[in-house]
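> Questions regarding the structure given below will be posed in turn.
The values are calculated or read from the model by the stated rules, or taken from the named source; none is laboratory data. No experiment lies behind these values; they were computed from the predicted model shown. Positions of Cβ are backbone-derived with ideal geometry, glycine not excepted, and every protein chain shown enters the neighbour counts. Accessible surface is based on the protein model in full, side chains and every heavy atom, while ligands, DNA and RNA are left aside. Shrake-Rupley method; radii C 1.70, N 1.55, O 1.52, S 1.80 Å.
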Amino acid sequence: MTEAATPDPTTTGPAPRARRGRPPAFDREEALTAATRLFWERGYEATSVTDLTTAMGIRPGSLYAAFGDKRTLFEEVVRRYGHSPVGAFVGVALAEETGARAAFARILREAAAIYPDPSHPAGCLVITAATNVSPQDAGIQAHLRDLRNANRRVFEERLHTARQDGELPPEADPEALAGYLATVIQGMSQQARDGATAEDLTRVAELALRAWP
């Protein structure tokens, strides 16, 4: 975005044509909300810059000036999503619940309610947004995979602590249990995208909890 050009008084001849003024201001949060919904619904690969600028109500130049390129915008969307109620519920449950089983029961039950909620696209953005990406965008797929793996490591740490504290039996396998819980949660996200209801996913959550050692 540039300011209008000012003619140089030392030159002779016709004054240069002034550039257009600064593009109209837009609400950054509203634009990010629109971009989040689009990436969440379609995934990274299937969302074009034209799709984004149309949904966000801005020109391509404004997108690049305010957010960088498509990848940088997507990474900002993911960070923002991770701090939203629908993206942060796992971390909140782990922080607020003193018992490991209570924390994971809350995570599973909240996932069952959040993933099919019609107020936003189904499932989890971090789980679903980077499927079927092209080779040149493999970094996006790796970025989201790293986020998911980091969450699983947090699960493992919490479960190791639970075993040390006696909440899990000595023979419990924190790594396997963390992988199981992460797999169930990721599967619930996909099931929500396939049309599963909150009632459907709640049954899955309760069944998964029966595997708790």
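> Collect residues whose amide H, placed 1.01 Å from N in the peptide plane, falls under 5 Å from the amide H of residue 130; neighbours closer than 5 in sequence don't count.
Long-range HN contacts for residue 130: 44.
> Whole-Hz Karplus ³J(HN,Hα) for segment 74-90, in order, using 6.51 cos²θ - 1.76 cosθ + 1.60 and θ = phi - 60°, x for Gly and Pro?
Listing the rounded values in order: 4, 5, 5, 4, 5, 4, 5, 4, x, 9, 8, x, 7, x, 9, 4, 5 Hz.
> Now, a different point. Per 0.36 nm of contour for each residue apart, how much would the distance between residue 95 and residue 190 grow if the chain were fully extended, relative to their Cα-Cα spacing?
Full extension of this stretch gives 31.6 nm more.
> Further, regarding this structure: How much mean residue ellipticity at 222 nm does the chain get from its helices, if each DSSP H run of length 4 or more adds -39500 (n - 2.57) and you divide by all residues, to the nearest 500 deg cm²/dmol?
-20000 deg cm²/dmol
> If each of residue 197 and residue 50 carries a label point 7 Å out from its Cα toward its Cβ, how far apart are those two points in nm?
4.0
> For a bin width of 5 Å, list the pair-distance distribution of segment 62-166 built from all Cα-Cα distances, rounded to whole %.
Spelled out per bin, shortest first, that is 2, 11, 18, 20, 18, 14, 9, 5, 2, 1, 0, 0.
> Hey, could you grab the Kirkwood Rh for segment 54-105? Inverse mean 1/r over distinct alpha carbon pairs, Å, one decimal.
Computed over Cα pairs of segment 54-105, the Kirkwood hydrodynamic radius comes out at 13.3 Å.
> Rounded to the nearest Å, what's the spacing between the alpha carbon centres of segment 170-210 and segment 67-106? Just the number, please.
Segment 170-210 and segment 67-106 have Cα centres spaced 17 Å from each other.
> Something else about it: Please report, in debye to the nearest 20, how large the charge dipole of the chain is about its Cα centre when each Lys and Arg carries +1 at its beta carbon and each Asp and Glu carries -1 there.
Result for the chain is approximately 680 debye, rounded to the nearest 20.
> Still on this structure: Once you place label points 7 Å from the Cα toward the Cβ at residue 69 and residue 117, how far apart are they in nm?
About 3.4 nm separates the two model spin labels.
> Compute, for segment 90-213, the length of the dipole vector about the Cα centre, with Cβ point charges of +1 (Lys, Arg) and -1 (Asp, Glu) only. Units Debye, rounded to 20.
120
> If I model a spin label at residue 147 and residue 134 as a point 7 Å from the Cα along the Cα→Cβ vector, what separation in nanometres do I get?
Output for this residue pair reads 2.2 nm.
> I would also like to ask the following. Any chance you could look up the accessible area of residue 50 with a 1.4 Å probe, heavy atoms only, rounded to 10 Å²?
Counting only protein heavy atoms, residue 50 exposes about 90 Å² to solvent.
> Once you list every other residue whose beta carbon is under 13 Å from the beta carbon of residue 33, what net charge do they have if Lys and Arg are +1 and Asp and Glu are -1?
-2
> Roughly how large, in nm² to one decimal, is the mean projection of the convex hull of the alpha-carbon atoms in the chain?
Across all orientations, the chain yields a mean hull projection of 16.0 nm².
> Given the Cα-Cα distance of residue 207 and residue 28 and 0.36 nm per residue of separation, how much length would full extension add, in nm?
60.2 nm
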